[in-house]
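Below: one structure, written as structure tokens.
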Amino acid sequence: MNVPIKTNNLDAFWMPFTANRQFKKNPRMFVGADRMHYTTADGRKVLDGTAGLWCVNAGHNRPKIVEAIRKQAGELDYAPAFQMGHPNVFELASRLVTITPQGLDHVMFTNSGSESVETALKTALAYHRVKGDGSRFRVIGRERGYHGVNFGGISVGGIVANRRMFGTLLTGVDHLRHTHDPERNAFSRGVPEYGAEFADDLERLIALHDASTIAAIIVEPVAGSTGVLLPPKGYLQKLRDICDQHGILLIFDEVITGFGRLGTPFAADYFGVTPDIMVTAKGLTNGVIPMGAVFVKSDIHDAFMTGPEHLIEFFHGYTYSGNPMASAAGLGTLETYQEDGLLTRGAELSDYWADALHSLKGLPHVIDIRNIGLIGAIELEPIAGEPTRRAFSAFLDAYNKGVLIRTTGDIIALSPPLIIEKHDIDVLIETLSGVLKTLD
Ligand SMILES: Cc1ncc(COP(=O)(O)O)c(C=O)c1O
């Protein structure tokens, strides 16, 4: 398929998280995709080093997913999400809770990671309230956390560019320090050795605010959008212990780590730490139809199931929560993951992946390399006075050389589809090596 692109018809669409003027001068358009590759408007193949935006975990154009959507569209296009149901959403929910960490037995559906985050925060606040503990109104996030773009998410998140523009945000929020410590941990293979003590920050905030005012803390087990920041050994368990001691809910934002990214179904499995609430999206439908899911422990769900039965128990939900098309895509995706063993495939490849990534050490401007599961990050020394320019140049050059990477700040973040083969990893790393060698 060849879609004619004229530069004079690009103006109307204000693109998200994009350098619009740069893009529109020299647009980069995809018109097709299959398994590990995109096809560009000018007919080139581009290797997907980022699974779209960390979402196409099973690779592109997977028959089970395509077929499920086609079939669903002809049978039941939409059903109201409130006070009505349809079989596939219950089927999806029931199947999902068989692969989630033990205890996370109930699920609410959303349409994105951002909405999943808002849903989780609201659930945490409301949970304490229905239990008669309404003084717990605070939520704690972390510096350099990314939890989407809505007001709750940017309030608990810790990205200055997201916080600078938008007024006062949520009140009653505080932040743990981030755990990134290149002085002690640069070029760690896998989880870094030093920094479990960063979790003690939660004790500091408890001493400041008093535990009786804190509803929940939210962290990404592995932060992706802020440059692939890994939790130091023992850090997440420490957070879990402190939360348990003080009756605070622990929320994991697994929007990027969910569905096999670390070589286990969820990061909670990888680290052996189970949160009270788990936020997901992206890989849930392989990125094909927008959908998110928030998993909660039974005692949270059950706390709401009181009072007269004709009353709505939780005043929350979206017009498209669990809609038929997304549910069909979710079922097709789960089947594909299970047939291909993708929820654990990353574990088989992670050593090869780590070796390949760390072979880039020593190339110009490379100041750190990080890896876990099928995630990688290559941090570049920024050009003085021009942050992000160097990594953006690398992105453009890689694209011209046939590889899609993603950059955040001056960090190259890699998260390929979980169907990647060793020879694809070789192409990705050789191309990147060529890019880095010629980068200004
Ligand atoms: C950890 C995390 N949370 C939330 C989000 C927001 O997801 P969405 O863009 O689907 O709203 C993202 C997106 O990258 C993410 O990485």
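Between F13 and K437, 0.36 nm times their residue separation minus their Cα-Cα distance comes to what? Don't skip to the answer; put the middle values down first.
Values: separation 424, 0.36 × 424 = 152.64 nm, distance 3.53 nm.
This chain segment gains 149.1 nm when fully extended.
Stretched out fully, how many nm does the piece from T40 to V130 gain, at 0.36 nm a residue minus the Cα gap? Please report the intermediate quantities before stating the final value.
On the way: separation 90, 0.36 × 90 = 32.40 nm, distance 5.23 nm.
Result for the pair: 27.2 nm of gain on full extension.
Calculate the FRET efficiency for D355 and D241 from the Cβ-Cβ distance with a Förster distance of 41 Å, rounded to the nearest 0.05.
On the way: r = 34 Å, r/R0 = 0.83.
So the FRET efficiency works out to roughly 0.75.
Quick one: dipole size for segment 65-340, taken about the Cα centre, charges +1 on Lys/Arg Cβ and -1 on Asp/Glu Cβ, in debye to the nearest 20. If you can, show how the numbers build up before the last one.
Details: 22 positive and 32 negative charges, 128 e Å.
Using Cβ point charges on Lys, Arg, Asp and Glu, segment 65-340 gives about 620 debye.
When only Cα pairs under 8 Å and 6 or more residues apart are kept, what is the percent relative contact order across segment 331-440? The partial results should precede the final answer.
On the way: 140 pairs, mean separation 28.7, N = 110.
Relative contact order comes out at 26 percent.
Pairs of alpha-carbon atoms within less than 8 angstrom and 6+ residues apart define the contacts here; what relative contact order does segment 65-340 have, in percent? Before the final figure, lay out each step's value.
On the way: 514 pairs, mean separation 80.3, N = 276.
With pairs under 8 Å counted, the relative contact order is 29 percent.
Can you give the Rg and Dmax of the chain based on its C-alpha atoms, in angstrom?
Both quantities, over Cα of the chain: 21.7, 68 Å.
For the residue pair D210 and N26, what label-to-label distance in nm results when each label sits 7 Å from Cα along the Cα-to-beta-carbon direction?
Here the modelled spin labels are 6.0 nm apart.
Mind checking the dipole of segment 104-177: about its Cα centre, +1 per Lys or Arg Cβ, -1 per Asp or Glu Cβ, Debye to the nearest 20?
Using only the charged Cβ atoms, the result is roughly 260 debye.
Send over the per residue convex hull volume for segment 104-172, Cα only, as a whole number of Å³. Don't jump to the answer; show the numbers that get you there.
On the way: hull volume 6.7 nm³, N = 69.
Spelled out: Cα convex hull of segment 104-172, divided by residues, is 97 Å³.
Using Cα pairs closer than 8 Å and at least 6 residues apart in sequence, work out the relative contact order for segment 47-189, in percent. Can you show the working numbers first?
Numbers: 111 pairs, mean separation 20.3, N = 143.
Once normalised by length, the contact order is 14 percent.
When every alpha-carbon pair in segment 297-440 is counted, what percent end up more than 25 Å apart? Walk me through the numbers on the way to the answer.
Values: 5079 of 10296 pairs.
Summing the P(r) tail past 25 Å for segment 297-440 gives 49 percent.
Calculate for the chain the 222 nm mean residue ellipticity that helices alone would give, adding -39,500 (n - 2.57) per DSSP H run of length 4 or more and normalising by residue count, nearest 500 deg cm²/dmol. Before the final figure, lay out each step's value.
Numbers: 16 runs with 163 residues, N = 440.
One gets -11000 deg cm²/dmol as the mean residue ellipticity at 222 nm.
Taking a virtual spin label 7 Å from the Cα of E309 along the C-beta vector, which residues in segment 67-88 bring their backbone nitrogen under 17 Å of it?
Only 83-84 pass the distance filter.
What whole-number distance in Å separates the alpha-carbon centres of segment 413-440 and segment 290-325?
42
Filter K282/K437; K361/K422; K64/K282; K401/K437; K233/K437 down to the pairs with a C-alpha to C-alpha distance above 22 Å, please.
On the way: K282/K437 33 Å; K361/K422 19 Å; K64/K282 17 Å; K401/K437 13 Å; K233/K437 33 Å.
Correct reply: K282/K437; K233/K437.
Within 11 Å, Cβ to Cβ, of R62, how many net charges do the neighbouring residues add up to if Lys/Arg are +1 and Asp/Glu are -1?
For residues surrounding R62, the net value is -3.
Which chymotrypsin sites (Phe, Trp or Tyr not before Pro) in segment 34-87 sit in a loop by DSSP (not H, G, I, E or B) and have at most 16 other Cβ atoms within 10 Å of their own Cβ? It would help to have the intermediate numbers written out before the result.
On the way: sites: Y38, W54, Y78, F82; in loops: Y78, F82.
In loop regions of segment 34-87 (DSSP not H, G, I, E or B), the sparsely surrounded chymotrypsin sites (Phe, Trp or Tyr not before Pro) are Y78, F82.
Every number here is computed from the coordinates shown, using simple stated rules; none is lab data. Everything quoted here is computed from the prediction, not taken from an experiment. Positions of Cβ are generated from backbone atoms using ideal geometry, with glycine treated the same way; all protein chains shown enter the neighbour counts.
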